[in-house]
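Participant: Below is a structure I'd like to ask you about.
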Amino acid sequence: VPAPARAGNGANLRVGDHVRLRPQKKGADIMDVVLKDKLAIVEAIEHDFEDRVHVAVTIVDDPGRDFGIDRMPGHRFFFGPDELEKLPAEVAP
């Protein structure tokens, strides 16, 4: 059983959680810069063959968010759990 995904603020992540994006990769690409501080919804939590955790999110204010839910490229983004800040339910949009 894979370990739970923990957000950068220590909270357990689950599909449907609202998060704030906090990219931390060295050598950030343009998408990290553009998406920094955006609000997103966790769509999937995936583990690769090396048991690394990847969290797929869609952006709350993306007019094409439905494409991300359908797993279409350009509307679904992957982050490490430590790059996400889980929002309390009362703060989530």
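Participant: How charged is the neighbourhood of VAL55? Take every other residue with its Cβ under 9 Å from the Cβ of VAL55, and add Lys/Arg as +1 and Asp/Glu as -1. Could you put the intermediate results ahead of the total?
Facilitator: On the way: positive: none; negative: GLU43, GLU46, GLU83.
Here the charged neighbours net out to -3.
Participant: Ranked highest first by the average count of other Cβ atoms within 10 Å around their residues, in what order do 74-83, 46-55 fall?
Facilitator: Going by the mean number of other Cβ atoms within 10 Å, highest first, we get 74-83, 46-55.
Participant: Once the piece of chain linking MET31 and ALA44 is laid out straight, how much longer is it, given 0.36 nm per residue of separation minus the C-alpha distance between them?
Facilitator: Taking 0.36 nm per residue and subtracting the Cα distance, the gain is 2.8 nm.
Bear in mind that the values in this text are calculations on the coordinates, not laboratory data. Because the structure is predicted, anything quoted here is derived from the model rather than measured. Every residue, glycine as well, gets a Cβ built from its backbone with ideal geometry; the counts of neighbours run over all protein chains shown.
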